[in-house]
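Input: a single structure, listed below in structure tokens.
The values are calculated or read from the model by the stated rules, or taken from the named source; none is laboratory data. Just so it is clear, the structure is predicted and the values come from calculations on it, not from any experiment. Counting neighbours? That spans all protein chains shown, and the Cβs are built from the backbone with ideal geometry, glycine included.
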Protein chains: 2
Amino acid sequence: MAFIFKNVFFTMLRTHTCGELRIADRDTTVTLCGWVQKVRDVGAMVWVDLRDRYGITQLMLEEKNVSKELLALAHSLNREFVVKATGVVIERVSKNAKMPTGDIEIKVADLEILNPAKLPPFLIEDETDGGDELRMKYRYLDLRRNPVRANLELRHKVARETRNYLDSLNFIEVETPVLIKSTPEGARDFVVPSRMNPGEFYALPQSPQTFKQLLMVSGFDRYYQIVKCFRDEDLRADRQPEFTQIDCEMSFVTQEDILNTFEGLARHLFRTVKGIELPELTRMTYDHAMKYYGSDKPDIRFEMKFVEVNEETKGKGFPVFDGAELVVGICAEGTATYTRKQIDELTEWVKRPQIGAKGLVYIKLDADGSIKSSVDKFYSPEDLRAIAAKFNAKAGDMILLLCGETDKVRKQLNELRLEMGSRLGLRSKDKYAAHWVIDFPLLEYIEEEGRWFAMHHPFTSPKPDDLKYVAQGEFGKIRANAYDMVINGVEVGGGSIRIHDKTLQAKMFELLGFTDEEAKHQFGFLMEAFEYGAPPHGGLAFGFDRLCSLFGGADSIRDFIAFPKNNSGRDVMIDAPSTIDAKQKKELNIATTV
Amino acid sequence: MAFIFKNVFFTMLRTHTCGELRIADRDTTVTLCGWVQKVRDVGAMVWVDLRDRYGITQLMLEEKNVSKELLALAHSLNREFVVKATGVVIERVSKNAKMPTGDIEIKVADLEILNPAKLPPFLIEDETDGGDELRMKYRYLDLRRNPVRANLELRHKVARETRNYLDSLNFIEVETPVLIKSTPEGARDFVVPSRMNPGEFYALPQSPQTFKQLLMVSGFDRYYQIVKCFRDEDLRADRQPEFTQIDCEMSFVTQEDILNTFEGLARHLFRTVKGIELPELTRMTYDHAMKYYGSDKPDIRFEMKFVEVNEETKGKGFPVFDGAELVVGICAEGTATYTRKQIDELTEWVKRPQIGAKGLVYIKLDADGSIKSSVDKFYSPEDLRAIAAKFNAKAGDMILLLCGETDKVRKQLNELRLEMGSRLGLRSKDKYAAHWVIDFPLLEYIEEEGRWFAMHHPFTSPKPDDLKYVAQGEFGKIRANAYDMVINGVEVGGGSIRIHDKTLQAKMFELLGFTDEEAKHQFGFLMEAFEYGAPPHGGLAFGFDRLCSLFGGADSIRDFIAFPKNNSGRDVMIDAPSTIDAKQKKELNIATTV
């Protein structure tokens, strides 16, 4: 009875999909099911493009071969009707080389409308006329479009290959709980009132961090999980209240082991999903990344590194540079041809509030050997050539300089570098450059809060050599065993070697301003677990939605999520969130205060 | 650099696991990491059993070969210390055939304590002295025990093989949202207050039912997901507030296709996970199951079918039988030897409030050919033999009869049948009998609520032949295209062919007492989706936790969940749920009313 094993698509309703028939199937009688993509009706003949997930096959009905009723039925068809058609596979008179099934059509002998359809509110085509809001409201129709479906098929493949790779290295997938405990450290939690424990709440996990560490204490050795996580943050285009992580942890490892293992994962995914042999990942320290790219996630598809020219610009009477903490620039190859207007426009671009630069200085090395700048008043051609030499600039290039407070100006120049990279076509979506950023600072001081925060999370271990800074009170100098994987300027994953020593963990909580009581209330179980034999361990997590959008060459993660939420956290299709019954609230011992 | 590809366990901290060294590795210098399982210390010599997830390897230190310091360190070791040891693999003098590594030991040259450990509150052994509460509080220690870890390894394998099978049939795994909309139909929802939408709530899904149906409307054709679901119910041993389903849906199929496809999954899992070739699954209608087993999930590892004997017992002056709606019994083979005391005990057993029978009548066919019963006063030996004949009872058997209202007495006899099956050793955990129960009723009338409810869910399609009963108002007679897979008396999965017609779906909501407005408010998006070309579709869901516990031969699902909750819905390890900050509640616009 198990027909399924002969042909995976043989069912009682159809013999084939709409994507598989070829000229070799000629003269076979087949039954297809699908949606009407298009009808061409010339009265005596009707052609129907029938679509399913697997492709499109052309149906054909001729007046001379079919009954009046059947032809009338064919005339009644419209876009998106669900149809079942039986007929013989015949060779097409005019073939369509663009379609895999383009050599054949089905000479229909029987036709059944399984379900009619109203005209969709937007075109079910690769290029649609539907706006974002409309497409989200009718997401189930949007998902019929090939590019959207292809995104989710890609996602499935990335998940499968992730599992294949990790399974082959003896990682175990373990499901950790979704109803856990709220911890104020970090982003805002979503909470769930407990009916059985009045006045108490579960929280939805921002990550399975503590659970995966406990699994290491349990001796699970190698854990992973492709898992939903939740963060109640204000949303942006690439943020969703619920998102998916590839979450991993390993025992008895050093940072080197983790980097090698997950470099392996990245290369496996590129090989199996994209057919690309990714070169070995380079490594860059956080300090290096900040100094030469002004970012902890540099896009290294192109060079255009920062060059600092405080020395070269100093003491020439240009007060803006003389008074600046940092004078730094990039060399944009071949842009000496930029017109005054283009440079003005670029200057306005960096002065926008989003970037916030005070101004932009340029030095042009014209093709004819002359050198020009916006600060010719202060710098002689020799001065300018000395600066240009530091950039290894050549004729035809233009140097763009910013100055100001170190941290700020680096951020500004990072934006300018990325912009120039884009303008110069150096950031092609088909090109992939992946690398590690390592040696992140352990702590960062948040002025508004007046205290130190963990840059990664409170379980990240400091570099042993840097523990000396603790005694010296120089917390900002402590580097962590923390690392990010960056692809094309996107942080796709990050992690750390964890603290496995109870005393060090307690010290860390103290640095972060936890009282003993708070630390115990929130993480007592983890601290206690460390007393029973915790192994050295570490791990990382990949942002799965982002990884998929990167593989798909898209900027937003939304198109790689089947049913995403909008910027107000709403699912406009099902209209959630919504009000709930008074009875529900009463049972849960809660009231709304609005 | 990618050492990982040479030996998946080669890391900077260890060269091998504790499970892999054999006599062939003799004379190799190795480094192992793990937990101290046991120390045998005779002063001049110390043996240590070092444990990790992969096995146990014996370490050996001899006074004559190691420094005083090293020997002192070995003396200081205790259970569950985390240790790194380097040494040469040597052949053991006294081998241990029970251990895979039992032919060798490590002559330790270097030893490092990576982390000491307090003595665990219970033994980390296959048989532990820890009670349930203690083990749950220290779940991370409980998970170190081989049987518990093996359960989660089994779970990982079942998940992997499920994906392998479904992927091979072109199913796509699609993640559906966790933050959805509350629907009062069905069990209680867990809800999540929305900060960005004051006064509104998300609900956690009880199943992705509507989303998977929308994916069919989207043309996804074959969907699956191994997915967390949530139900705020009062808990029992085999219920958890969060649980995992294998959720599946297919388009353009009939019930027959679904049964074949998922019978295939069951057989694939038994083959790959248990090494068992499961025979083809038999099918049984709901009516048959109720009549012959008194249950919609009969355990068919053994026969002992119900036999109804109203005719044979009527009119002999026994008022209890004469007045009963149903007189029904089972034949317990070989139990005619039961003593008076045993029968009394059985009678008490069925009279307990959990079963609720009024009494128990027996008929014994003794080995010597005589026949005896507890109702000899009313029935002659010939009467009794006529009854026995209907059971095909033979010498040595005993017939057990119950009587009363049909539905109640069937339930009672189901319990007695299962009990007798257990007592007679007919329900071995190593034996597997799987089958389908089909043709469930569409609706059931709940007296307390005074209305009809969907037996499966409101999206289940009725059998077309039974639509006549709608007009006749005989709703109880309408059978559904619904089916359950039952293994060893456990419902492991169930599903239905769905309604794909908007008018029929509206009719169904009407039967269930929804006003148009309620139907639209709760399921408007689904009703609307049906207008845009919904294909015929159906599916099912397996209870993944239960499936794993079945494969593991256990009764409770709790041991197959890494971090389960107790009967009050508490995670006693992390102490969740818990109170949350006033600030959090304020941001969420909620107040607690206790």
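Within region A:491-501, which residues are more than 30 Å from the chain's Cα centre (by Cα) and surrounded by fewer than 21 Cβ atoms within 10 Å (Cβ to Cβ)?
Residue satisfying the conditions is A:Asp501 alone.
For B:Ser461, work out the one condition from (1) in contact with an Asp or Glu (Cβ under 8 Å, 6 or more places away or on another chain); (2) within 14 Å of chain A (Cβ to nearest Cβ) it doesn't fulfil.
(1)
Does B:Ala482 meet the test of being within 24 Å of A:Arg139 (Cβ to Cβ), more than 14 Å from every other protein chain (Cβ to nearest Cβ) and either crowded, with 17+ Cβ neighbours inside 10 Å or at pLDDT below 90 (or both)?
no
Mind checking whether some residue in region A:173-180 is assigned to a loop (DSSP other than H, G, I, E, B), within 10 Å of chain B (Cβ to nearest Cβ), in contact with a strand residue (DSSP E or B) (Cβ under 6 Å, 6 or more places away or on another chain) and within 27 Å of A:Gly569 (Cβ to Cβ)?
Scanning region A:173-180 turns up at least one residue that is assigned to a loop (DSSP other than H, G, I, E, B), within 10 Å of chain B (Cβ to nearest Cβ), in contact with a strand residue (DSSP E or B) (Cβ under 6 Å, 6 or more places away or on another chain) and within 27 Å of A:Gly569 (Cβ to Cβ).
Of B:Phe302, B:Phe270, which residue is more than 9 Å from every other protein chain (Cβ to nearest Cβ) and assigned to a helix (DSSP H, G or I)?
Within the list B:Phe302, B:Phe270, the selection yields B:Phe270.
Given the criterion more than 26 Å from A:Lys429 (Cα to Cα) and either hydrophobic (A, V, I, L, M, F, W, C) or in contact (Cβ under 8 Å) with a residue 40 or more places away in the chain (or both), identify the matching residue among A:Phe302, A:Phe318, A:Phe270.
Result of the check over A:Phe302, A:Phe318, A:Phe270: A:Phe318.
Restricting to region B:459-498, name every residue that is assigned to a strand (DSSP E or B) and either of a type in the set (Lys, Arg) or within 17 Å of B:Leu512 (Cα to Cα) (or both).
B:Thr460, B:Pro462, B:Arg479, B:Ala480, B:Arg498
Among the residues of region A:247-264, which ones are of a type outside the set (Val, Ile, Thr) and within 10 Å of chain B (Cβ to nearest Cβ)?
Matches in region A:247-264: A:Met250, A:Ser251, A:Phe252, A:Gln255, A:Glu256, A:Asp257, A:Leu259, A:Asn260, A:Phe262, A:Glu263, A:Gly264.
Being closer than 28 Å to B:Glu531 by Cβ and within 7 Å of chain A (Cβ to nearest Cβ), is that true of even one residue in region B:187-198?
Yes, region B:187-198 contains at least one residue that is closer than 28 Å to B:Glu531 by Cβ and within 7 Å of chain A (Cβ to nearest Cβ).
Filter the strands (runs of 3 or more DSSP E) completely within region A:350-458 down to those with at least 2 residues that are among the aliphatic types (A, V, I, L, M), closer than 30 Å to A:Glu263 by Cα and in contact (Cβ under 8 Å) with a residue 60 or more places away in the chain.
Per the criteria, A:434-438.
In region A:110-130, how many are more than 14 Å from every other protein chain (Cβ to nearest Cβ) and touching a strand residue (DSSP E or B) at 6+ places or on another chain (Cβ under 6 Å)?
2
Look at B:Thr347 and say whether it is assigned by TED's automatic domain parsing to the domain that holds B:Ile399 and in contact (Cβ under 8 Å) with a residue 40 or more places away in the chain.
Judged against the criteria, B:Thr347 is not a match.
Restricting to region A:55-77, name every residue that is in contact (Cβ under 8 Å) with a residue 40 or more places away in the chain and either in a loop (DSSP other than H, G, I, E, B) or touching a helix residue (DSSP H, G or I) at 6+ places or on another chain (Cβ under 9 Å) (or both).
The answer is A:Leu59, A:Leu61, A:Glu62, A:Asn65, A:Val66, A:Leu77.
Would you pick out the residues in region B:199-227 that are β-branched (Val, Ile, Thr), more than 7 Å from chain A (Cβ to nearest Cβ) and touching a helix residue (DSSP H, G or I) at 6+ places or on another chain (Cβ under 8 Å)?
Hits for region B:199-227 are B:Thr210, B:Ile226.
Might you check whether a residue that is small (Gly, Ala, Ser) and either outside any loop (DSSP other than H, G, I, E, B) or at pLDDT below 95 (or both) occurs anywhere in region B:213-230?
no
A:Pro193: in contact (Cβ under 8 Å) with a residue 60 or more places away in the chain, in contact with a Leu (Cβ under 9 Å, 6 or more places away or on another chain) and surrounded by fewer than 16 Cβ atoms within 10 Å (Cβ to Cβ), yes or no?
For A:Pro193, the condition - in contact (Cβ under 8 Å) with a residue 60 or more places away in the chain, in contact with a Leu (Cβ under 9 Å, 6 or more places away or on another chain) and surrounded by fewer than 16 Cβ atoms within 10 Å (Cβ to Cβ) - is not met.
Just checking, does region B:116-124 include any residue being under 19 Å from A:Gly533 (Cβ atoms), part of a strand (DSSP E or B) and either in contact with a Pro (Cβ under 6 Å, 6 or more places away or on another chain) or at pLDDT 95 or above (or both)?
yes
Looking at A:Leu179, is it in contact with a Gly (Cβ under 9 Å, 6 or more places away or on another chain) and at pLDDT below 95?
no
Tell me which of these B:Leu141 doesn't satisfy, since it passes every other one: (1) buried (at least 20 other Cβ atoms within 10 Å of the Cβ); (2) in a loop (DSSP other than H, G, I, E, B).
Answer for B:Leu141: the failing condition is (2).
Looking at B:Val174, is it crowded, with 19+ Cβ neighbours inside 10 Å, assigned by TED's automatic domain parsing to the domain that holds B:Asp221, over 23 Å from B:Gly538 (Cβ atoms) and in contact (Cβ under 8 Å) with a residue 12 or more places away in the chain?
When the stated conditions are applied, B:Val174 does not pass them.
Failed condition for A:Ala150, given (1) modelled with pLDDT of 95 or more; (2) part of a helix (DSSP H, G or I); (3) more than 21 Å from the chain's Cα centre (by Cα); (4) surrounded by fewer than 16 Cβ atoms within 10 Å (Cβ to Cβ), with all others met?
(3)
Does region A:102-112 contain any residue that is farther than 24 Å from B:Val253 by Cβ, of a type outside the set (Asp, Glu) and not in a loop (DSSP other than H, G, I, E, B)?
Yes, region A:102-112 has at least one match.
Among (1) in a strand (DSSP E or B); (2) within 11 Å of chain A (Cβ to nearest Cβ); (3) out of contact with any Asp or Glu (no Cβ under 6 Å at 6 or more places or on another chain), where does B:Glu80 come up short?
It fails just one condition, (1).
Of all residues in region B:97-117, count the ones that are of a type outside the set (Gly, Ala, Ser) and free of Cβ contacts under 8 Å to residues at least 24 places away in the same chain.
Residues flagged as of a type outside the set (Gly, Ala, Ser) and free of Cβ contacts under 8 Å to residues at least 24 places away in the same chain within region B:97-117 amount to 1.
Out of the residues in region A:405-459 that are surrounded by fewer than 18 Cβ atoms within 10 Å (Cβ to Cβ) and among the acidic types (Asp, Glu), which is nearest to A:Asn481 (Cα to Cα)?
Of everything passing the filter in region A:405-459, A:Glu444 is nearest to A:Asn481 (Cα to Cα).
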